[in-house]
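Rule-based calculations on the coordinates, nothing more; no lab input. If you're wondering where the values come from, they're calculated on a predicted model, not measured in any experiment. Cβ sites come from the backbone with ideal geometry, for glycine too, and all protein chains shown count toward neighbours.
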Amino acid sequence: MTPSSPVRPEPDGGRHAHVSLQAGRVRLPAMGSKRCPRTATFFEMTNVTLPLKWPHGFHNWPESGDRAQSGGFARRNAEGPPPWFTSGSPMLRACLELLRPANVVTALADVLAGIAIAGTASRSTWPWLLLATVCLYAGGVVLNDVFDREIDRVERPERPIPSGRVSAGAAAALGGGLLASGIVAAAGANTTAFLVAMAIAACVLLYDAWGKRHAAIGPLNMAMCRALNLLLGIAAVPAALASAWPVASVPLLYIYAVTTISRGEVHGGSSRAATSALVILLFSLAGLALIASRAGFEHAVPALVLVGALAWRVIPPFLAARQRPAAATIRTAVRRGVLSLVLLDAALAAAFAGPIFAAAVLATGLVAGWLARMFAVT
């Protein structure tokens, strides 16, 4: 993760910021900043370190790539980049900073879960769909930096665009090219996947350019990005999408709940907001448990175990946030919700395709964690 200079709090402080999930990232503002909040990558969400200090305005997450801050400084990589990364081409290094490889890998979990839901027979479409989600996510991450470049000139001058290592025009071309490549790759699978990819690209652009700055729109916008990413995997078998699309309501509700409660991460929230988030979360878990219970015995058991693990991870901190909606308590709930998202995808994969496929989904989280030791995640 790239270093960040200390953020100087301003006298009046910042307002409540909120986190949103998108097929790409998390948006985290600087403490007490009067500027528009910055964003951090969501499936960066799995790599966000809290507590976070968010600035004036609203933020979202699973955005295309973003920056998270802890203790006033951007999170750093404990081990640092590998030798080939530091000694290679400056342009390559700058591009990798923009792309955030660790975050991009996390997008694969949604599509793998979707493939499991559709049935694992149509294997010829898998490479196209996996390539599509990587390109769509990466494109959103890059474009997020493009839209945030003016903010970064002040708050993150070391980033590739404000530092001059990559021009805004080149970054915009890269991000746009990646989104287009994702759409083309989806078209290689089938027409249905192509249409879903178009919808994802539209949601990503809406979020990066406008949605993340609006409290009412941002959470739903981010949730739609994640839900559509699951549908992209289900589109491996177009006929399955017609009957299985309601399953996407599970990640949609889950991410909406996490985004809703995250609005109180800086100065604390209200019991009403925390209660609403908890109710939405419980609906999501109930839907997931219902799906798991309807699977055959061999699939239901591992799926229900994963649902139980997910519930054990997220319900206690959400209950604590409801009872005591202080900033620190809410940050704990948000962090748990973000880090546990891969369990939701794995539970869906186990219910429809069994434990082996679920293990493959869980492996994406391990790979992302490994890459996060070498590359910035915010």
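When each of the peptides 245-255, 115-125 is scored by how many other beta carbons lie within 10 Å of its residues on average, the order from highest to lowest is 245-255, 115-125.
Just want the ordering: MET198, MET222, from fewest to most Cβ atoms lying within 10 Å of their own Cβ.
On the way: MET198 16, MET222 36.
With the fewest neighbours first, MET198, MET222 line up as MET198, MET222.
Cα centroid separation, region 97-115 to region 185-217: 15 Å.
Given a Förster distance of 25 Å, report the FRET efficiency between ARG123 and MET374 from their Cβ-Cβ distance, rounded to the nearest 0.05. Write down the numbers at each step before the final one.
Working: r = 31 Å, r/R0 = 1.22.
After rounding, the FRET efficiency stands at 0.25.
Fewest to most neighbouring Cβ within 10 Å: what's the order for LEU195, LEU366? All intermediate terms of the calculation are to be shown ahead of the outcome.
Details: LEU195 18, LEU366 11.
So the residues, fewest neighbours to most, are LEU366, LEU195.
Ranked for footprinting exposure by Cβ neighbours inside 10 Å, fewest first, TYR256, TYR137 give TYR256, TYR137.
Can you divide the C-alpha Rg of region 242-378 by 2.2 N^0.38 Å and report the result to two decimal places?
On the way: Rg = 15.6 Å, N = 137, 2.2 N^0.38 = 14.3 Å.
The value comes to 1.10.
Each of ALA199 and ALA173 was given a label point 7 Å from its Cα along the Cα-to-Cβ line. The distance between the two points is 3.3 nm. Here the calculated FRET efficiency for SER243 and VAL305, from their Cβ-Cβ distance with R0 = 35 Å, stands at 0.85, rounded to the nearest 0.05.
Which order do peptides 184-192, 325-333 fall in by mean Cβ count within 10 Å, highest first? Mind dumping the intermediate values first?
Values: 184-192: 19.2, 325-333: 21.4.
Top of the packing list down: 325-333, 184-192.
Applying 0.36 nm per residue to the separation of ALA209 and VAL154 and subtracting their alpha-carbon distance, the gain on full extension is 17.9 nm.
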